[in-house]
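Notes to accompany the following structure.
Quick note: the coordinates plus some simple rules give every number you see, no bench work behind them. Just so it is clear, the model here is predicted, and its values are computed rather than measured. With ideal geometry, Cβ positions are generated from the backbone for all residues, glycine too; neighbour counts draw on all protein chains shown.
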Amino acid sequence: MTVSDEIVAGFSALATPTIANALDDVGFEGVMHGLTQMVAGTRCVGRAATVRQVTGRRGDFTSEDFKVGRMIDAAASGDVLVVDNGGQAVSTFGGLATLAAKVKGVAGLVADGGVRDREEMIELAFPVFARHMTPLTGRSRLAVTGVNEVVSCGGVRVAPGDVIVADGSGVVCIPAQHAVKVLELATRYATDDADAAIELRKGLSFTEAMAKFKRI
């Protein structure tokens with residue numbers, strides 16, 4: 001199932017906590033755990049392009065196994081790269097890879113593993129969400145074993161084409177089959193949040209606001 005551009009764009013104005021509430025309603029545990037926003041103030045929204053990796057010790061793999069270029073090639077403009085490296089503290093993505101992804105139009109990177117070259121990521125204002133920031137190279141330590149197949153990232157099942165939204169609060173995955181319903185619910189909850197804020201400024205107590213707006 002392909003999520004339309006219109007539906008993907010609809011998530012651009014929605015915060016991850018609001019989307020998480022809607023994910024609860026459809027019964028999908030889509031909030032990733034343990035991932036950190038590496039470039040402050042950035043967010044990304046897009047369809048998932050997935051990568052699976054394995055990690056060993058230095059020298060266990062060849063430079064050809066690293067295949068960062070293949071990872072970037074797997075993502076179309078507007079996609080979010082989602083990397084399953086099992087939470088390992090080895091870098092799968094650095095400054096030059098960030099530049100190549102940015103030039104291609106990749107929307108961001110979500111990595112259950114390590115990244116490096118934070119300063120270059122900041123300079124490029126490229127959204128990166130990862131478990132570790134580490135200078136340790138993945139070359140000869142990492143191997144790409146699959147591209148655009150179902151992976152696990154931050155404890156969440158991610159399929160190619162699922163919608164990824166990441167911001168300062170965290171990262172969520174919206175399964176393609178639930179995208180329309182989650183967008184509908186989250187948009188409604190965002191409207192309630194905005195209305196509640198107006199009433200709070202007028203003097204409504206928070207207890208009263210919680211009674212009136214059930215999902216704030």
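Below, the figures for the structure above:
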item	result
ILE72 among the β-branched types (Val, Ile, Thr) and either out of contact with any Leu (no Cβ under 8 Å at 6 or more places or on another chain) or assigned to a strand (DSSP E or B) (or both)	no
VAL45 vs. criteria crowded, with 17+ Cβ neighbours inside 10 Å, in contact with a Ser or Thr (Cβ under 9 Å, 6 or more places away or on another chain) and within 24 Å of ARG118 (Cα to Cα)	yes
Test: residue in the stretch 147-164 that is surrounded by 14 or more Cβ atoms within 10 Å (Cβ to Cβ), of a type in the set (D, E, K, R) and closer than 20 Å to ALA75 by Cα	yes
Condition met for VAL144 (touching a Phe, Trp or Tyr at 6+ places or on another chain (Cβ under 8 Å), in contact (Cβ under 8 Å) with a residue 40 or more places away in the chain and outside any loop (DSSP other than H, G, I, E, B))	yes
Answer residue from the stretch 117-138, given it is buried (at least 16 other Cβ atoms within 10 Å of the Cβ) and assigned to a loop (DSSP other than H, G, I, E, B) and is farthest from the chain's Cα centre (by Cα) among those	GLY138
Which listed residue is surrounded by fewer than 18 Cβ atoms within 10 Å (Cβ to Cβ) and of a type in the set (D, E, K, R), from ARG70, ARG52	ARG70
Residues being assigned to a loop (DSSP other than H, G, I, E, B) and in contact (Cβ under 8 Å) with a residue 60 or more places away in the chain - total across the stretch 75-85	1
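Every residue, every condition in (1) in contact with a helix residue (DSSP H, G or I) (Cβ under 6 Å, 6 or more places away or on another chain); (2) in a loop (DSSP other than H, G, I, E, B), yes or no:
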| residue | (1), (2) |
| --- | --- |
| HIS178 | yes, no |
| VAL182 | yes, no |
| ALA190 | yes, no |
| ASP195 | no, no |
| ILE198 | no, no |
| GLY203 | no, yes |
| ALA211 | no, no |
